[in-house]
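A short write-up of the structure that comes next.
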Amino acid sequence: MVDTVPNSSDAVIRLSSVELALGVGAARVHILRNVSLTIDGGESVALVGPSGSGKSTLLMTMAGLERVDKGSVRVAGTDLASLNEDGLARFRGRNVGIIFQSFHLIPNMTALENVAVPLELAGRRDAFSRAEEELKLVGLGHRMNHYPSALSGGEQQRVAIARALVAEPAILFADEPTGNLDEATGREIADLLFQTCAERGTTLVLVTHDNALAGRCDRMIRIHSGVVDPRQAKASPLRSAAE
């Protein structure tokens with residue numbers, strides 16, 4: 001199967017009747033229940049809901065980090081069920097960037113080395129020159145040789161953003177990207193995320209408890225007890241017409 005990146009007016013993510021449960025027997029818990037939704041290319045979407053509602057699991061499902069029990073997950077033109085673990089890793093390397101609340105930087109690597117990792121894994125000869133460019137774009141050109149322990153929380157998240165975007169993915173997934181930051185730093189990181197994704201036409205899907213952050217997105221998708229509000233499962237026709 002050939003991976004394709006849809007045009008900005010096409011659905012870049014499409015979930016159909018997705019079911020996911022964890023555990024066995026009496027301890028088995030349904031995490032996602034009959035979830036169907038679409039997200040357009042270039043759209044920014046917030047996944048919102050109470051703790052334990054399935055937001056992060058839904059995001060991990062879209063990113064190919066969690067396998068579903070039933071239904072289909074189609075991302076950037078590819079049915080994720082058709083890929084084995086190696087295929088999923090290659091798919092993510094080409095199409096997906098992921099940012100976590102806890103940064104997940106490699107502690108014994110400098111900022112530059114952390115950002116270069118995805119490109120090195122892809123065999124890119126320009127890994128370090130591209131990483132340097134990306135760090136400059138997030139305002140860390142003067143900190144690229146520092147280790148994570150020498151960086152503030154905001155700086156570490158900027159490194160994580162640079163790493164997620166260095167391969168120019170079609171989709172950026174962010175799980176509580178400002179959750180470990182103070183209010184002022186969180187606003188700076190949010191500004192950087194939205195500005196960068198808008199400039200590049202990158203689809204942004206984020207999980208957040210922050211209503212102000214969710215409100216900056218084109219659309220909010222509410223999930224409660226693993227069920228998505230069907231009224232929010234598709235992009236607004238008015239938005240599509242405007243594009």
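Quick notes on this structure:
- Test for residue 207: is it under 22 Å from residue 41 (Cβ atoms) and modelled with pLDDT of 95 or more: yes
- Among the residues of region 49-74, the ones that are open to solvent by less than 10 Å² (accessible area, probe 1.4 Å), of a type outside the set (Gly, Ala, Ser) and either touching a Phe, Trp or Tyr at 6+ places or on another chain (Cβ under 8 Å) or at pLDDT below 95 (or both) come to 2 in all.
- Residues of region 131-147 that are open to solvent by less than 30 Å² (accessible area, probe 1.4 Å) and closer than 18 Å to residue 97 by Cβ: 131, 134, 135, 138, 140.
- Listed by first and then second residue, the pairs linking a residue in region 194-206 that is at positive phi to a residue that is surrounded by 16 or more Cβ atoms within 10 Å (Cβ to Cβ) and not basic (Lys, Arg), with Cβ atoms under 8 Å apart and 6 or more places separating them unless they lie on different chains, are 201/41; 201/42.
- Positions within region 33-46 being farther than 22 Å from residue 77 by Cβ and either touching an Asp or Glu at 6+ places or on another chain (Cβ under 6 Å) or open to solvent by less than 50 Å² (accessible area, probe 1.4 Å) (or both), in sequence order: 46
- Cross-chain or 6+ apart pairs with Cβ under 8 Å, region 96-112 first and free of Cβ contacts under 8 Å to residues at least 60 places away in the same chain, then of a type in the set (Phe, Trp, Tyr): 107/147; 108/147; 109/147; 110/147; 111/147; 112/128
- Members of region 1-18 found to be open to solvent by 50 Å² or more (accessible area, probe 1.4 Å), under 19 Å from the mean Cα position of the chain (by Cα) and at pLDDT 50 or above, listed by number: 10, 14
The values are calculated or read from the model by the stated rules, or taken from the named source; none is laboratory data. Remember, it's a predicted structure, so these values are computed and weren't measured experimentally. Note that we place each Cβ from the backbone using ideal geometry, even for glycine, and neighbour counts take in every protein chain shown. Quick note on the areas: whole protein, heavy atoms, side chains included, nothing else; ligands and nucleic acids left out. Shrake-Rupley method; radii C 1.70, N 1.55, O 1.52, S 1.80 Å.
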